[in-house]
1. Can you tell which of 241, 37, 354 shows the greatest fluctuation in a Gaussian network model of the chain with Cα springs below 10 Å?
2. Between residue 197 and residue 108, what is 0.36 nm times their sequence separation minus the Cα-Cα distance? Round to one decimal in nm.
3. Which percent, to the nearest 5, of DSSP beta bridges fully inside the chain are antiparallel?
4. Output the 0 to 90 degree angle, nearest 10, between the alpha-carbon long axis of helix 173-182 and the longest principal axis computed from the alpha carbons of the chain.
5. Using a Gaussian network for the chain with springs between C-alpha atoms less than 10 Å apart, which of these wobbles most: 225, 214, 170?
6. So how much slack lies between residue 161 and residue 121, counting 0.36 nm per residue of separation and subtracting their Cα-Cα distance, in nm?
7. Mind checking the angle between helix 60-69 and the chain's longest principal axis? C-alpha axes, 0 to 90 degrees, to the nearest 10.
8. Considering all projection directions equally, how large on average is the shadow of the alpha-carbon convex hull of the chain, in square nanometres?
């Protein structure tokens, strides 16, 4: 059931639309002119608005301008008995969802209502999804250690410099990479992430550079590699310390020449890609062992950013707990819970080997299993 506002100076039109829409189980509010309609729309929440164009005091086109000026995010359908193609086009250009001529066709109106409400649902879902994605890419904390990382991101993001992000597992290296990307000049182009540790060594070259059909046994069709997908954008090579030496050689060539070659092809493909790399390993030690190419290390390590462990920034734990609590309660559909001061202190006294990822898991467990106000006893019992 939707809440719909009908604005029309003709009482018979208003009442007819009201009867039809209420028969379809919608709630309908009526306004007899544009001035009343504007006040009603701004002082209540509606899922859809129908507005006549020719009205006294304020016509529909002025009303539409006012809706846009006030930032009203509601689909508006314009109706008129004097309409033509140019009027309809003007309405759509001004931001109207649709235009319907009088006398109003019942089926046409109901289809328009359904389409407008479907659009509303998609817009709401998109906003929710964007909010979820944005929350995952937030860097929570005010400690000196995390402020240094923020400062580095602010300085480095607008450039095209390559960045090497280091830190223990679970510290948020991917968050740093995404913040660098989102604040860069390439933010409108692709961000392509590659987990080098999750791809078998025999497949990583195909994954990164693509392959031609028939280039090996299971190559049943051509594949575009990650570097090509990221053209003009950014590629994030996560856990690069786990990449095979043969793949490292090809990555080095791609960085030196700004070009790649697909597996099974001699064709050279030019690319323009910014590279972020991340690892939890000591690459200098890996170089000494012969596991990582020193020349590739220097190509990637233009700007080093070290992400501190949670044990280095325990003063951020209260803020992180508040953030995770709100996020998890929303996701799980649970009434918002809280942690008392002793519970927070208990969490701060722990050693966090799994860093922020471990903290979030513990908070989720406490929210699901603990009391409405989570205590030190809850922490000791469930974590």
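1. Of the options given, 37 has the highest mean-square fluctuation.
2. Result: 26.5 nm gained on full extension.
3. In the chain, approximately 10 percent of DSSP beta bridges are antiparallel ones.
4. Computed tilt is about 50 degrees.
5. 214
6. 10.3 nm
7. Approximately 30 degrees, to the nearest ten.
8. 27.1
Read the figures in this text as sums done on the coordinates, not as results from a lab. Predicted model only: the values in this text are computed from it and were never measured. So basically every Cβ, Gly included, is an ideal-geometry build from the backbone, and we count neighbours across all protein chains shown.
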